[in-house]
């Protein structure tokens with residue numbers, strides 16, 4: 001059931017369909033390219049949130065910390081490779097004195113993203129060691145505070161532009177449509193994140209984080225290295241969040257410390273909504289949730305502008321009342337056999353199957 | 001006679017309540033030892049002290065000759081000393097087989113082993129043990145949806161999966177259907193004889209403990225009241241008084 005070698009034809013065709021759609025989508029619907037780019041980033045946010053929040057049961061409101069670190073780290077590398085970062089931010093986004101040619105721009109971007117990943121991972125390892133000892137509400141509140149604190153810190157750090165924000169390098173004209181580049185980077189990242197998490201969940205590590213979710217005291221009593229497992233899971237999530245942050249900052253073209261980088265009130269909450277909407281603790285749940293959420297968000301922003309927050313609130317209420325376990329959770333409850341949950345009529349191993 | 005577990009003069013207070021006072025007991029390698037006593041006599045506190053949930057105020061605890069008094073729960077578990085809970089704890093959101101697979105021993109297993117795929121031999125062992133406790137049919141069901149008694153059996157199977165040297169059971173028959181109790185006694189004996197697991201059992205059901213244990217300790221009011229063979233304990237006037245109330 002779970003073995004990778006036994007992927008069914010249905011499942012394989014589903015994968016192929018998703019990848020094929022992702023590849024042709026920007027050519028078919030160029031008008032929605034930015035929204036679709038955002039969607040793939042949301043998939044990454046939701047998947048990584050679910051790894052810690054859904055699979056491990058640690059509801060983090062602070063994952064924006066790693067996105068924000070990624071946003072700034074990538075932008076700083078992109079600028080810092082060629083210019084003085086302080087002078088760049090003081091000039092409010094450069095202007096004529098800070099021009100990047102195509103090679104400089106691409107070098108900065110492709111060096112910035114790994115740096116973003118590494119710094120986000122280091123931050124997760126350090127913060128995780130400190131706060132993952134807390135459980136339940138304490139952990140949730142603490143991570144909420146971390147996100148806000150990071151926003152305040154970034155908002156008072158002159159070198160990266162403080163409260164007036166920072167502008168990532170302006171793409172040179174010679175590169176053509178850089179948004180298409182960002183689209184494919186986001187799409188690629190979403191695919192890699194999905195595969196990485198699918199792999200992680202297929203190992204014993206996946207069972208270990210589920211065990212922590214269901215009974216951390218029991219897991220400890222059985223000798224599991226609970227602290228190390230928790231920190232590792234959060235760090236794993238942070239790697240992808242850091243890269244996604246690097247892309248996100250460039251996509252937005254302007255980095256506000258609180259509204260773009262450490263946006264706990266929007267992205268930080270949305271990623272949780274997406275995971276819960278699709279189904280916490282399942283692999284496809286966060287993906288489905290991100291798609292439904294992004295479509296819903298864009299539709300209401302377009303057709304109910306001014307009422308979009310109300311619509312979002314109604315969506316949350318609807319989720320909580322009708323799909324408390326999310327879309328995948330609902331399916332699992334309706335069709336448990338499809339998920340391998342079934343009674344075996346045989347009483348013993350040697351008995352022949354009925 | 002090698003002693004697997006040696007508890008020496010352990011005391012534990014919670015504020016003004018003396019939960020354990022100067023308790024010493026020994027568990028011989030390969031034996032089944034019982035721990036009885038009226039409610040609130042300090043049995044579970046002693047269990048918690050031994051497995052490292054809370055430090056003792058005084059005294060020392062040695063396991064396989066090694067001082068474990070100040071070690072923490074997972075460290076002690078990795079040495080091969082495991083306990084089950086009075087309030088059964090299993091991983092409620094996972095299937096029975098998954099519960100079993102993540103219960104394998106972490107003794108001498110590096111952290112990186114967690115990133116390996118599930119191995120077939122473990123799955124085979126998990127199914128064998130689930131069959132042993134009578135849960136084979138339900139192995140693909142979500143553990144949290146099993147009945148209380150079945151969860152208790154699953155918890156026992158998980159402990160066996162870990163293959164500890166010493167297993168401490170906190171009221172293994174509480175809440176189990178009386179007709180299943182005999183089967184459980186047989187399984188406990190079998191775990192002891194065939195799998196070589198030493199058992200220390202807290203039990204209120206006198207018929208069970210007298211059938212099972214070779215040696216019994218009795219606690220009352222946090223103190224060790226009596227110790228000896230089941231027959232001696234049964235006829236000990238102090239034990240009878242403690243249970244029924246002396247005049």
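What follows is calculated from the coordinates using simple rules that are stated; it is not laboratory data. Since the structure is predicted, the reported quantities are computational estimates derived from the model, not experimental observations. Positions of Cβ are backbone-derived with ideal geometry, glycine not excepted, and every protein chain shown enters the neighbour counts.
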### Query
If you average the sequence gap of Cα pairs under 8 Å that are 6 or more apart and divide by the length of the stretch B:91-163, what percent do you get for the contact order?
53
### Query
By count of other Cβ within 10 Å, fewest leading, how are A:148, A:192 ordered?
A:192, A:148
### Query
Where does each of A:112-118, A:55-61, A:294-300 land if you order them by average Cβ count within 10 Å, highest first?
A:55-61, A:112-118, A:294-300
### Least to most buried among B:156, A:110 (fewest other Cβ within 10 Å first)
A:110, B:156
#### Entry: Computed P(r) (all Cα pairs; chain A; 10 Å bins; percent)
5, 23, 32, 24, 11, 3, 1, 0
### Computed Kirkwood radius, in angstrom, where 1/r is averaged over Cα pairs of chain B
18.7
### Task
Kindly put B:68, B:36 in sequence by how many other C-beta atoms sit within 10 Å of each C-beta, fewest to most.
B:68, B:36
### Query
When all alpha-carbon pairs of the stretch B:91-163 are counted, what percent fall beyond 16 Å?
43
#### Entry: Share of alpha-carbon pairs per 20 Å distance bin for the protein assembly as shown, given as whole %
18, 42, 27, 11, 1
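Need one value for A:199-207: mean number of C-beta atoms belonging to other chains within 10 Å of its residues' C-beta atoms.
Details: counts 2, 2, 0, 2, 6, 12, 7, 5, 11.
That works out to 5 on average.
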### Task
Provide Rg over Rh for the stretch A:255-335; use the alpha carbon set for both Rg and the Kirkwood Rh (inverse mean inverse pair distance).
1.02
### Message
If R₀ is 45 angstrom, what is the calculated FRET efficiency for the pair residue A:269 and residue B:231, using the beta carbon separation as r and rounding to 0.05?
### Response
0.10
### Message
If packing is taken as the average count of other Cβ atoms within 10 Å, what order do B:159-165, A:69-75, B:232-238 fall into, highest mean first?
### Response
A:69-75, B:159-165, B:232-238
#### Entry: Per-pair calculated FRET efficiency, R0 = 51 Å: residue A:84 and residue A:27 via Cβ, rounded to 0.05
0.80
### Task
Shielding by partners for B:107-115, please: the mean number of other protein chain Cβ atoms within 10 Å of each residue's Cβ.
4
### Query
What residue among A:310, A:52, A:239 has the largest mean-square fluctuation in a Gaussian network model of chain A, using Cα springs under 10 Å?
A:310
### Shielding by partners - mean other protein chain Cβ count within 10 Å, residues of B:161-167
1
### Message
Relative contact order for chain B: what percent, with Cα pairs under 8 Å and sequence separation of 6 or more?
### Response
27
### Task
Using Cα centres only, tell me the gap between the stretch A:110-152 and the stretch A:10-41 in whole Å.
30
### Message
Contact order normalised by length for the stretch A:4-339, with contacts defined as Cα pairs under 8 Å and 6 or more residues apart; what percent is it?
### Response
30
### Task
Find how many whole Å separate the alpha carbon centroid of the stretch B:12-73 from the alpha carbon centroid of the stretch A:44-68.
40
